[in-house]
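Accompanying notes for the structure given below.
The values are calculated or read from the model by the stated rules, or taken from the named source; none is laboratory data. In this text the structure is predicted, and so the values were computed from the model without any measurement. Virtual Cβ from ideal backbone geometry, glycine too; neighbours counted across all protein chains shown. For accessibility, only protein heavy atoms count, side chains too; no ligands or nucleic acids. Shrake-Rupley method; radii C 1.70, N 1.55, O 1.52, S 1.80 Å.
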Amino acid sequence: MIIEKILVTGACGQLGNVLTSKLQEKWGTNNVIASDLRSLTDFNGVFETLDATDYDAMEALVIKHDITQIYHLAAILSAKGEKEPLDTWNVNMKTLLNVLEVSRLHKVKKVFYPSSIAVFGDKIERVNTSQSPNLTPTTVYGMSKVAGENWGNYYHHKYGLDIRSIRYPGIIGHQSLPGGGTTDYAVYIYHKAIKNEQFECFLKPKTFLPMIYIDDAVRATIEIMDAPKEKITIRTSYNISGMSISPEQMVTSIKNTYPDFKAVYNPDYRQNIADSWPMSIDDSAARTDWNWMPKYLLEDMTKEMIEKLKHKHSLKEIQL
Ligand code: NAD
Ligand code: AKB
């Protein structure tokens, strides 16, 4: 087997945390270079502090570690992004352009770029949203992801860069906390439940959004990166679907284990963002091209989230 040297940017984030471990399992701990703005002292593996907006620093790391693949996760997400629109644009675009250029100029053969359901705006059919409708997002984060998808497509066609991308739904996992998105409530709700506390939700009870369990999100990432090159017919980004759920449904599902669990609803500015996103996603292109198939629906996910978080809570490993 050819051994790849992998660089992960934004490795300390909600997804990076989990994906990095999976990549270490697949390629060997010493072949995965985790990096982030934040520095880590107790990381199990190779860690480098990297501000991905700094081209020279990124290039130095790519040369130092002989990097052949980059998973570029560093970004500012939708809700946080609306508080600092210009910085968000700057970080999200500069980091991606650095990754594309460093890949073009060095030996990086493959790049993974995460996009999001945030690319869709309010001009779409929100149920079973198709792969290529009008992409007119309402957030700076969404604008940066649409531009990023197109830059990836451009580098593929112009320079032959093997870049692959997924439009993730909101990711729900027990290992890490989310970093400032509109779908974050769907992680925090479980943390409150296992502590027997009331949950205050920043979205309305019937707000349906596409979500995905972390195991499915990580598996999708590995599967698209492993797929034969000729199977990847979309070089902007693939829709993928996990489940379509609302806060109210999550409460009902949690009540199976915690019958007294309660939520109150205080929608804020994130409601407008959620209302501009799809309620469910058509992922038939990903199913056809690289055999994507989600495994987790709400009930399986709730069972696993509660089990894992209860265990962590008993070990006092939860900060919330
Ligand atoms: P996160 O906010 O939890 O983590 C992002 C990480 O990037 C953080 O650790 C942060 O320190 C780091 N970072 C920010 N600016 C940086 C910079 N200049 N240089 C280096 N690192 C920097 O995000 P996440 O949820 O882990 O998301 C990872 C990727 O997946 C992002 O690109 C995001 O847009 C995408 N995505 C995530 C979700 C989701 O629900 N989590 C959904 C769709 C898409
Ligand atoms: C967010 O809510 O910003 C992210 C995403 C769906 O991209 N979780």
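Residues that are within 14 Å of MET301 (Cα to Cα), of a type in the set (S, T, N, Q), in a helix (DSSP H, G or I) and open to solvent by 20 Å² or more (accessible area, probe 1.4 Å): does the range 229-245 have at least one?
Within the range 229-245, none of the residues are within 14 Å of MET301 (Cα to Cα), of a type in the set (S, T, N, Q), in a helix (DSSP H, G or I) and open to solvent by 20 Å² or more (accessible area, probe 1.4 Å).
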Odd one out for ILE222 among (1) more than 14 Å from ligand 1 (Cβ to nearest atom); (2) touching a Phe, Trp or Tyr at 6+ places or on another chain (Cβ under 9 Å); (3) open to solvent by 20 Å² or more (accessible area, probe 1.4 Å); (4) hydrophobic (A, V, I, L, M, F, W, C):
(2)
Of the residues ALA286, ALA220, which is within 16 Å of ligand 2 (Cβ to nearest atom) and either closer than 27 Å to TRP151 by Cα or in a loop (DSSP other than H, G, I, E, B) (or both)?
ALA220
Note on THR257: of the conditions (1) closer than 20 Å to HIS313 by Cα; (2) not in a loop (DSSP other than H, G, I, E, B), unmet is (2)
Enumerate the pairs (first residue in the range 85-97 and more than 10 Å from VAL140 (Cα to Cα); second residue anywhere and near ligand 1 (Cβ under 9 Å from one of its atoms) and aromatic (Phe, Trp, Tyr)) with beta-carbon separation below 8 Å, excluding pairs fewer than 6 apart on the same chain, so at least 6 apart or on different chains.
LEU96/TYR113
Whether any residue in the range 11-33 is assigned to a strand (DSSP E or B) and either open to solvent by 70 Å² or more (accessible area, probe 1.4 Å) or at pLDDT 95 or above (or both) is what I want to check.
yes
Filter the range 41-81 down to residues that are open to solvent by 70 Å² or more (accessible area, probe 1.4 Å) and either within 22 Å of the chain's Cα centre (by Cα) or at pLDDT below 95 (or both) and give me whichever is nearest to ligand 2 (Cβ to nearest atom).
LYS80
Looking at (1) touching a residue at least 60 places away in the same chain (Cβ under 8 Å); (2) exposed (fewer than 15 other Cβ atoms within 10 Å of the Cβ); (3) touching a helix residue (DSSP H, G or I) at 6+ places or on another chain (Cβ under 7 Å); (4) not β-branched (Val, Ile, Thr), find the lone condition where ARG104 falls short.
(1)
Starting from residues that are within 19 Å of SER78 (Cα to Cα) and assigned to a loop (DSSP other than H, G, I, E, B), keep the ones in the range 260-276 and report whichever is farthest from the chain's Cα centre (by Cα).
ASN266
Filter result for the condition that a residue is among the charged types (D, E, K, R) and free of Cβ contacts under 8 Å to residues at least 24 places away in the same chain, over GLU223, GLU230
GLU230
Can you list the strands (runs of 3 or more DSSP E) lying wholly within the range 147-201 that have 3 or more residues being within 13 Å of ligand 1 (Cβ to nearest atom), touching an Asp or Glu at 6+ places or on another chain (Cβ under 8 Å) and open to solvent by 20 Å² or more (accessible area, probe 1.4 Å)?
none
